[in-house]
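Inspection log for the structure reproduced underneath, given as structure tokens.
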């Protein structure tokens with residue numbers, strides 16, 4: 001599964017590489033609330049947004065068990081720790 005955040009927005013258009021890889025590998029994709037829009041929610045592999053105000057399908061998918069999560073462009077938290085910058 002791919003977990004994409006707002007850092008997955010690239011200057012050359014985030015949808016191109018982010019659409020190709022999941023389609024080639026049949027990988028499901030969910031985004032963070034800030035990453036909403038980096039992968040189209042209408043795409044068949046989309047799980048929608050996970051987290052605050054997220055989509056129930058994303059949480060349900062995780063509860064079902066996931067072998068591998070590839071996180072890209074996310075700090076995996078709602079709050080940034082300034083001590084790490």
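The values are calculated or read from the model by the stated rules, or taken from the named source; none is laboratory data. Everything numeric in this text was worked out from a predicted model, so none of it was measured. Quick reminder, even Gly has a Cβ in these numbers, built from the backbone with ideal geometry, and neighbours come from all protein chains shown.
Laid out as a table, the results:
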read-out	value
Residues of region 45-54 classified as surrounded by fewer than 18 Cβ atoms within 10 Å (Cβ to Cβ) and either modelled with pLDDT under 90 or out of contact with any helix residue (DSSP H, G or I) (no Cβ under 9 Å at 6 or more places or on another chain) (or both), total	3
So residue 40, is it modelled with pLDDT under 90, crowded, with 18+ Cβ neighbours inside 10 Å and touching a helix residue (DSSP H, G or I) at 6+ places or on another chain (Cβ under 8 Å)	no
Per-region count, region 20-36, residues surrounded by fewer than 16 Cβ atoms within 10 Å (Cβ to Cβ) and either at pLDDT 85 or above or in contact with a helix residue (DSSP H, G or I) (Cβ under 8 Å, 6 or more places away or on another chain) (or both)	5
